[in-house]
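*Asks:* I have a structure I would like to understand better, so I am pasting it below and will then ask my questions one at a time.
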Amino acid sequence: MLAFLLRRVLLLIPTFIGVTLAAFFFIRLLPGDPILLLAGERGITPERYAELATRLGFDRPLYEQYFAYLGNLLSGDLGVSFSTKRPVWDEFFTLFPATLELSLAAIIFAVVLGIPAGVIAAVKRGKAPDHLVMSTALVGYSMPIFWWALLLIIVFSGWLQWTPVSGRISLLYFFPPVTGFMLIDSLISGQRGAFNSAVQHLILPTIVLGTIPLAVIARQTRSAMLEVLGEDYIRTARAKGLSPLRVVGGHALRNALIPVITTIGLQVGVLLAGAILTETIFSWPGIGKWMIDSISRRDYQAVQGGLVMIAIVVMIVNLTVDLLYGLINPRIRHRR
Amino acid sequence: MPLLEIENLTVEFATVNGRFKAVDEVSLTCDRGEILAIVGESGSGKSVSMLALMGLLPWTAKVTADRMSFDGTDLRGLSGRQRRRIVGKNMAMIFQEPMSSLNPCFTVGFQIGEALKVHLGLDRAERRKRTIELLDLVGIPAPEARLKAFPHQLSGGMSQRVMIAMALACKPKLLIADEPTTALDVTIQAQILDLLVDLQREQGMALVLITHDMGVVAETAERVQVQYAGQKVEEQPVAGLFDDPHHPYTAALLAALPERATSRRLPSIPGVVPGQFDRPSGCLFSPRCRYTTERCRERVPHRQGAMAGFALCHYPLVQGRPIGHPAPNRIANAAEEPA
Ligand SMILES: Nc1ncnc2c1ncn2[C@@H]1O[C@H](COP(=O)(O)OP(=O)(O)O)[C@@H](O)[C@H]1O
Ligand code: SF4
Ligand SMILES: [Mg+2]
């Protein structure tokens with residue numbers, strides 16, 4: 001198990017270098033000059049431009065800039081955002097809890113609905129519940145996020161007036177962030193109605209962001225369950241006289257979860273990509289929205305730093321999934 | 001009254017190519033404490049008939065029987081819940097592939113303890129104690145250390161011992177062993193077989209032993225039932241069966257035993273058991289039988305009486321001679337050197 005983890009960690013090194021390369025060159029390949037964009041309509045004198053370029057290091061060759069960036073990264077320095085003048089590191093940690101809260105809510109939504117739906121579809125294979133789950137999953141999977149969000153907003157916010165359309169909490173409430181998680185902070189604040197408001201704001205973005213993972217998890221659970229249900233040990237479990245609940249929910253699901261957990265881990269990357277769009281649609285002040293804004297401002301430092309941090313988060317999640325995978329699968333746990 | 005009584009059990013599978021009768025009017029009885037062997041080549045419906053008894057067939061199977069009673073209970077039309085009170089408790093089964101029959105995600109201790117919990121309601125400490133007892137009973141060394149073992153840490157023989165311990169957990173009255181040694185190394189096979197027979201005696205339970213190995217039958221069973229292509233073709237006490245087989249299929253199986261072989265090559269019956277698409281009309285064994293006549297190909301044979309081992313044959317053998325056969329001598333001569 002330790003060797004297994006060590007191998008996984010070593011594999012992260014080339015991935016990490018790849019991400020820094022991609023982040024560094026991606027933003028520089030976009031047309032548009034950050035200094036001109038920063039100056040805006042007022043314009044800028046050539047002397048001032050040259051001075052800024054020197055200070056930011058833009059006058060040096062690209063590879064030098066890249067190695068400077070990499071060196072700073074390794075010493076834990078993400079630089080300072082051009083546009084906000086705040087350290088990128090601070091920006092990231094101010095905004096990250098919002099994204100984390102939304103992503104966690106979305107993945108919980110997807111898992112809590114997706115696994116039971118997949119199990120039911122597998123057990124009722126070929127019958128109405130199976131068709132229902134599978135066709136819903138197909139629709140959910142192929143629905144464009146933007147369109148799906150609009151549809152939900154029109155129905156739940158427009159017609160039914162059940163949910164707000166933007167932000168994390170109603171403007172009526174204000175309290176200092178403690179954990180950065182709105183659900184928790186609103187509870188701590190003790191202000192009446194604050195928690196409810198936070199929940200209401202979370203619902204639509206959660207559904208929008210969680211729909212694709214939900215569809216993927218349901219389908220993966222179904223196929224894993226179908227495979228497992230045909231195994232000899234399921235026959236043994238039934239031969240013991242166990243109830244269908246124990247056979248399906250205990251013996252079968254436990255084995256089917258092994259591939260499903262891998263799928264869930266892979267969905268985290270998809271989720272962060274989806275978060276960018278979802279946060280923009282719902283004006284959710286998180287990493288996704290920050291990245292979009294920073295890209296449009298050609299804020300090199302923010303984009304370079306932010307993308308690397310996102311990549312690190314994905315790596316940590318994947319490592320955790322590997323660990324979890326080892327815990328649930330004794331064959332890996334005992335492998336040397 | 002026998003412990004197990006099955007009359008005219010028929011199992012039909014709904015397949016994409018239509019219905020397929022995997023078990024065709026098989027009758028079977030087994031007394032308390034008796035060892036009954038069911039023999040026949042692969043595809044004879046041995047497993048399917050016992051899985052039908054246990055209620056373990058998939059939903060594509062349609063099971064019918066004129067009688068199916070166990071320990072005085074009619075098993076037909078029992079609800080799932082009622083059947084689960086019997087299955088795994090009074091009637092248990094072990095399978096051909098011990099390695100894949102254990103759940104890879106749970107420890108040995110958990111998997112054995114589960115039956116104790118569900119059927120006997122034992123608490124954690126009692127389960128642990130009884131599980132250790134059971135592992136000891138099936139000859140697993142250091143049983144306490146084995147409780148925490150996972151199936152992938154066990155060899156095939158060990159896995160089958162664990163399966164046996166699991167099956168014996170609630171002291172069943174009947175144990176069905178479906179080719180319990182087929183997947184094991186030859187040296188382990190004998191050990192497992194001896195263990196089963198010893199346990200059967202000790203515990204006084206009935207044992208239905210499914211096998212395709214006549215050698216195993218000779219060593220263990222008291223009574224033998226021969227199955228071919230889903231039908232019961234003969235039934236006899238073991239001594240009688242070996243002395244004087246009445247059905248040509250039984251005779252052919254015996255002739256194929258290595259120690260009875262006259263030539264160096266391991267003999268076997270030419271051809272295979274007919275499956276869904278090549279069922280002959282008349283006698284199902286006719287494409288492979290040495291004594292086949294027109295009548296065999298056209299007419300389904302009747303079942304003979306007890307004197308002829310209930311053989312399903314037009315010309316049951318008596319001392320190797322087909323009774324009523326139109327040309328017994330010609331066959332008998334040809335029999336010396338089979339094609
Ligand atoms: N689930 C199933 N669906 C369709 N046919 C099956 C199924 N299970 C077994 N059979 C068929 O039933 C016949 C008898 O199988 P089985 O009882 O396993 O034979 P044996 O145990 O004697 O080797 C075989 O032809 C097999 O292909
Ligand atoms: S009925 Fe004919 S073909 Fe069938 S077993 Fe008897 S002799 Fe052979
Ligand atoms: Mg079989």
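The values are calculated or read from the model by the stated rules, or taken from the named source; none is laboratory data. Predicted model, so just to flag it, every value in this text is computed and none were measured. Please note: Cβ atoms are built from the backbone with ideal geometry, for glycine as well, and neighbour counts cover all protein chains shown.
*Asks:* Kindly provide the set of residues from region B:107-142 that are touching a Pro at 6+ places or on another chain (Cβ under 9 Å) and either more than 29 Å from B:THR211 (Cβ to Cβ) or within 16 Å of ligand 1 (Cβ to nearest atom) (or both), ordered by number.
*Replies:* Listed by number, the residues that qualify are B:THR107, B:ILE132.
*Asks:* Given (1) exposed (fewer than 15 other Cβ atoms within 10 Å of the Cβ); (2) closer than 14 Å to A:ILE203 by Cβ, where does A:ILE153 come up short, assuming only one miss?
*Replies:* A:ILE153 satisfies all of (1) exposed (fewer than 15 other Cβ atoms within 10 Å of the Cβ); (2) closer than 14 Å to A:ILE203 by Cβ except (1).
*Asks:* Given the structure, is A:THR54 of a type in the set (Ser, Thr, Tyr) and exposed (fewer than 11 other Cβ atoms within 10 Å of the Cβ)?
*Replies:* no
*Asks:* State all residues of region B:181-190 that are free of Cβ contacts under 8 Å to residues at least 40 places away in the same chain and not small (Gly, Ala, Ser); if no residue qualifies, say none.
*Replies:* If the condition is that a residue be free of Cβ contacts under 8 Å to residues at least 40 places away in the same chain and not small (Gly, Ala, Ser), then B:THR181, B:ASP185, B:VAL186, B:THR187, B:ILE188, B:GLN189 are the ones that fit.
*Asks:* State yes or no: is A:TYR233 surrounded by 20 or more Cβ atoms within 10 Å (Cβ to Cβ), within 30 Å of A:ALA3 (Cβ to Cβ) and hydroxyl-bearing (Ser, Thr, Tyr)?
*Replies:* Numbers: surrounded by 20 or more Cβ atoms within 10 Å (Cβ to Cβ): yes; within 30 Å of A:ALA3 (Cβ to Cβ): yes; hydroxyl-bearing (Ser, Thr, Tyr): yes.
So A:TYR233 fits the description; yes.
*Asks:* Moving to a separate point now. Look through A:SER81, A:SER135, A:SER103, A:SER75 and report the one residue that is over 18 Å from A:VAL313 (Cβ atoms), of a type outside the set (A, V, I, L, M, F, W, C) and in contact with a helix residue (DSSP H, G or I) (Cβ under 7 Å, 6 or more places away or on another chain).
*Replies:* Selected residue: A:SER81, the only one of A:SER81, A:SER135, A:SER103, A:SER75 that is over 18 Å from A:VAL313 (Cβ atoms), of a type outside the set (A, V, I, L, M, F, W, C) and in contact with a helix residue (DSSP H, G or I) (Cβ under 7 Å, 6 or more places away or on another chain).
*Asks:* Only one of B:THR15, B:THR73, B:THR60 is away from ligand 1 (no atom under 12 Å from the Cβ), surrounded by fewer than 18 Cβ atoms within 10 Å (Cβ to Cβ) and β-branched (Val, Ile, Thr); which?
*Replies:* Every option except B:THR73 fails the conditions.
*Asks:* Within the group B:LYS117, B:LYS129, which residue is without any contact (Cβ under 8 Å) to a residue 24 or more places away in the chain and under 20 Å from A:ARG235 (Cβ atoms)?
*Replies:* Testing whether each residue is without any contact (Cβ under 8 Å) to a residue 24 or more places away in the chain and under 20 Å from A:ARG235 (Cβ atoms) leaves just B:LYS117.
*Asks:* Further question on the same structure: Hand me the list of helices (runs of 4 or more DSSP H) wholly inside region A:132-233 holding 1 or more residues that are among the hydroxyl-bearing types (Ser, Thr, Tyr) and over 30 Å from A:ARG246 (Cα atoms). Working first, answer last.
*Replies:* Values: elements: A:145-152, A:182-189, A:194-229.
By residue number, A:182-189, A:194-229.
*Asks:* Let me spell it out: the conditions are (1) within 16 Å of ligand 1 (Cβ to nearest atom); (2) at pLDDT below 95, and B:GLN203 meets all of them except one. Which number is the exception?
*Replies:* Condition not satisfied by B:GLN203: (1).
*Asks:* Within region B:145-162, is there a residue that is within 16 Å of ligand 3 (Cβ to nearest atom), more than 9 Å from chain A (Cβ to nearest Cβ), under 23 Å from B:ASP185 (Cβ atoms) and in contact with a helix residue (DSSP H, G or I) (Cβ under 6 Å, 6 or more places away or on another chain)?
*Replies:* Yes, region B:145-162 has at least one match.
*Asks:* Right, next: Report whether or not B:PRO287 is more than 8 Å from ligand 2 (Cβ to nearest atom), without any contact (Cβ under 8 Å) to a residue 60 or more places away in the chain and either of a type outside the set (S, T, N, Q) or in a loop (DSSP other than H, G, I, E, B) (or both). Steps first, please.
*Replies:* Details: more than 8 Å from ligand 2 (Cβ to nearest atom): yes; without any contact (Cβ under 8 Å) to a residue 60 or more places away in the chain: yes; either of a type outside the set (S, T, N, Q) or in a loop (DSSP other than H, G, I, E, B) (or both): yes.
So B:PRO287 passes the test.
*Asks:* In region B:1-12, which residues are outside any strand (DSSP E or B) and either touching a residue at least 40 places away in the same chain (Cβ under 8 Å) or within 14 Å of ligand 1 (Cβ to nearest atom) (or both)?
*Replies:* Within region B:1-12, B:MET1, B:LEU3 qualify.
*Asks:* If B:GLU234 satisfies every condition in (1) surrounded by 18 or more Cβ atoms within 10 Å (Cβ to Cβ); (2) more than 16 Å from ligand 2 (Cβ to nearest atom) but one, which is the exception?
*Replies:* Of everything listed in (1) surrounded by 18 or more Cβ atoms within 10 Å (Cβ to Cβ); (2) more than 16 Å from ligand 2 (Cβ to nearest atom), B:GLU234 misses just condition (2).
*Asks:* Now, a different point. Return the pair list, or none, for Cβ contacts closer than 8 Å from residues in region B:293-322 that are assigned to a strand (DSSP E or B) to residues that are within 16 Å of ligand 3 (Cβ to nearest atom), at least 6 apart or on different chains.
*Replies:* These pairs meet every condition: B:LEU312/B:GLN231; B:LEU312/B:LYS232.
*Asks:* Taking only region B:23-35 into account, find how many residues are touching a helix residue (DSSP H, G or I) at 6+ places or on another chain (Cβ under 7 Å) and within 13 Å of ligand 1 (Cβ to nearest atom).
*Replies:* Adding up the residues that qualify gives 2.
*Asks:* Taking the stated definitions as given, is A:THR206 under 15 Å from A:THR278 (Cβ atoms), among the β-branched types (Val, Ile, Thr) and without any contact (Cβ under 8 Å) to a residue 60 or more places away in the chain?
*Replies:* Taking the combined requirement at face value, the residue does not satisfy it.
*Asks:* Scan region B:36-57 residue by residue and report those that are within 11 Å of ligand 1 (Cβ to nearest atom) and out of contact with any strand residue (DSSP E or B) (no Cβ under 6 Å at 6 or more places or on another chain).
*Replies:* Step one: filter region B:36-57 for residues within 11 Å of ligand 1 (Cβ to nearest atom), giving B:38-52, B:56-57.
If the condition is that a residue be within 11 Å of ligand 1 (Cβ to nearest atom) and out of contact with any strand residue (DSSP E or B) (no Cβ under 6 Å at 6 or more places or on another chain), then B:GLU41, B:SER42, B:GLY43, B:LEU51, B:LEU56, B:LEU57 are the ones that fit.
*Asks:* Select, from B:ALA206, B:ALA177, B:ALA251, the only residue that is touching a residue at least 40 places away in the same chain (Cβ under 8 Å) and within 16 Å of ligand 3 (Cβ to nearest atom).
*Replies:* B:ALA177
*Asks:* Can you find a residue that is at pLDDT 90 or above and part of a loop (DSSP other than H, G, I, E, B) anywhere in region B:249-272?
*Replies:* To start, the set of residues in region B:249-272 that are at pLDDT 90 or above comprises B:249-254.
Still in the running and part of a loop (DSSP other than H, G, I, E, B): none.
Checked against the condition, which is being at pLDDT 90 or above and part of a loop (DSSP other than H, G, I, E, B), region B:249-272 yields no hits at all.
*Asks:* Is it the case that some residue within region A:93-115 is more than 30 Å from A:GLN200 (Cα to Cα), under 28 Å from the mean Cα position of the chain (by Cα), of a type in the set (S, T, N, Q) and surrounded by 17 or more Cβ atoms within 10 Å (Cβ to Cβ)?
*Replies:* Scanning region A:93-115 turns up no residue that is more than 30 Å from A:GLN200 (Cα to Cα), under 28 Å from the mean Cα position of the chain (by Cα), of a type in the set (S, T, N, Q) and surrounded by 17 or more Cβ atoms within 10 Å (Cβ to Cβ).
*Asks:* Further question: Check every one of the helices (runs of 4 or more DSSP H) wholly within region A:242-336 and list those with 2 or more residues that are away from every other protein chain (no Cβ under 14 Å) and surrounded by fewer than 17 Cβ atoms within 10 Å (Cβ to Cβ).
*Replies:* Because the criterion is at least 2 residues that are away from every other protein chain (no Cβ under 14 Å) and surrounded by fewer than 17 Cβ atoms within 10 Å (Cβ to Cβ), the helices (runs of 4 or more DSSP H) in region A:242-336 that meet it are A:253-281, A:287-296, A:300-328.
*Asks:* Is it the case, given these coordinates, that A:TYR66 is surrounded by 13 or more Cβ atoms within 10 Å (Cβ to Cβ) and within 23 Å of A:ASP90 (Cα to Cα)?
*Replies:* So A:TYR66 fits the description; yes.
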